[in-house]
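Chemist: My questions all concern the structure below.
The values are calculated or read from the model by the stated rules, or taken from the named source; none is laboratory data. What you see is a predicted model; the values in this text were computed from it and never measured. Every residue, glycine as well, gets a Cβ built from its backbone with ideal geometry; the counts of neighbours run over all protein chains shown.
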Amino acid sequence: MYEFQNILSAPNEIKISTDMNKILILFAHPALQKSRVNRELIKNIHTINGVTFRDLYEIYPDLDISIRTEQALLLEHDIIVFQHPFYWYSTPAILKEWQDLVLEHGWAYGQEGKALHGKKMFSVISTGGREEAYQKQGYNRYTIRELLSPIDQTAYLCGMEYLPPFVAYGTHRMSPEDISRHRQNYHRVLNALVDDRIDYAKLRRYDRINIDLNAIIITKSGR
């Protein structure tokens, strides 16, 4: 686990700011030693100032999740990331267990459950299938955004905004160069989120966050 403490910031509009957002990455991969893509995506991720990285399977090998620890971490961060391979159109088991235990009624949702209101959330997922398979007329019959609807609704119920996901399609056929490019793009997104350099109005028009980074990432000059 890697943790970095920075200034809290929860911006509601597009601006260039000296404040920093804090990002919590909840990573779940039950067979990381076999991974080609996710293992590369998280390479050197601990060097990104403002990011807290938690490998849930490493921290909780017996699935004995500490509810209070996880809730405290959620409170300390502005942006929550679910990173995992897209197993059976859902998350690996530990991430579902995390949701069942940590997102308690009266704390995360319900009339008194407002602890997470105003935060942002998105998914970082990898799929074996190519992008064309995740279309209405494709092999999987639904788009990635449609298949991620349960997580989208979970974020909504908890008062968080669910942003378009970062998706690495077709992992089985990726070249080392493709994988490296995805890592660079992912780290670029994380740095931009920390520095509050995302044009959220433009981002909301896309199905995924990594479709056109030049369009959604604001340069330091503001252009």
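Chemist: Please indicate, with yes or no, whether at least one residue in segment 141-156 is over 19 Å from residue 37 (Cβ atoms) and of a type in the set (A, V, I, L, M). Step through it out loud before you land on a result.
Modeler: Step one: list which residues in segment 141-156 are over 19 Å from residue 37 (Cβ atoms), which gives 141-143, 145-146, 149-156.
Filter again for of a type in the set (A, V, I, L, M), leaving 151, 155.
Scanning segment 141-156, I find at least one residue that is over 19 Å from residue 37 (Cβ atoms) and of a type in the set (A, V, I, L, M), so the answer is yes.
Chemist: Find all pairs meeting these conditions: Cβ atoms under 9 angstrom apart; at least six residues apart or on different chains; first residue within segment 56-71 and touching a residue at least 24 places away in the same chain (Cβ under 8 Å); second residue among the basic types (Lys, Arg).
Modeler: From segment 56-71, the pairs are 70/54.
Chemist: Moving to a separate point now. Quickly run through segment 66-103 and pick out the residues that are outside any helix (DSSP H, G or I), aromatic (Phe, Trp, Tyr) and under 27 Å from residue 49 (Cβ atoms). Before you say what the answer is, go through the steps one by one.
Modeler: Residues of segment 66-103 outside any helix (DSSP H, G or I): 66, 77-92, 103.
Then keep just the ones that are aromatic (Phe, Trp, Tyr); that gives 82, 86-89.
Matches in segment 66-103: 82 only.
Chemist: In addition: Mind checking whether some residue in segment 104-112 is in a loop (DSSP other than H, G, I, E, B), of a type in the set (D, E, K, R) and buried (at least 21 other Cβ atoms within 10 Å of the Cβ)? Even if it seems obvious, please write down each step before you answer.
Modeler: Quick first cut of segment 104-112, residues in a loop (DSSP other than H, G, I, E, B) only: 104, 106-108, 110-112.
Next, from what is left, pick out any that are of a type in the set (D, E, K, R): 104, 112.
Checking which are buried (at least 21 other Cβ atoms within 10 Å of the Cβ) leaves us with none.
No, because not a single residue in segment 104-112 is in a loop (DSSP other than H, G, I, E, B), of a type in the set (D, E, K, R) and buried (at least 21 other Cβ atoms within 10 Å of the Cβ).
Chemist: With the condition kept exactly as written, say whether any residue in segment 197-220 is more than 16 Å from the chain's Cα centre (by Cα), surrounded by 20 or more Cβ atoms within 10 Å (Cβ to Cβ) and among the β-branched types (Val, Ile, Thr).
Modeler: The answer is yes; a qualifying residue exists.
Chemist: Output the number of the condition that residue 124 fails; it satisfies all remaining conditions of (1) surrounded by 15 or more Cβ atoms within 10 Å (Cβ to Cβ); (2) in contact (Cβ under 8 Å) with a residue 60 or more places away in the chain; (3) over 22 Å from residue 76 (Cβ atoms).
Modeler: (3)
Chemist: Then there is this: Run down 16, 23 and say which single residue is at pLDDT 95 or above and aliphatic (A, V, I, L, M).
Modeler: On the way: 16 fails: at pLDDT 95 or above.
Sole residue among the options that is at pLDDT 95 or above and aliphatic (A, V, I, L, M): 23.
Chemist: Pick out, from segment 167-223, the helices (runs of 4 or more DSSP H) lying fully within it that include 1 or more residues that are of a type in the set (Ser, Thr, Tyr). Break it down stepwise before answering.
Modeler: Numbers: elements: 176-194, 200-203, 213-216.
In segment 167-223, 176-194, 200-203 are the helices (runs of 4 or more DSSP H) which contain 1 or more residues that are of a type in the set (Ser, Thr, Tyr).
Chemist: So, of the residues in segment 93-103 that are of a type outside the set (Val, Ile, Thr) and more than 12 Å from residue 71 (Cβ to Cβ), which turns out to be surrounded by the most Cβ atoms within 10 Å (Cβ to Cβ)? Before the answer, list the steps.
Modeler: If we filter segment 93-103 for residues that are of a type outside the set (Val, Ile, Thr), which is where we start, we get 93, 95-101, 103.
Subsequent filtering for residues that are more than 12 Å from residue 71 (Cβ to Cβ) retains 93, 95-97, 99-100.
Working: 93: 13, 95: 21, 96: 13, 97: 17, 99: 17, 100: 10.
Only one residue tops the list, namely 95.
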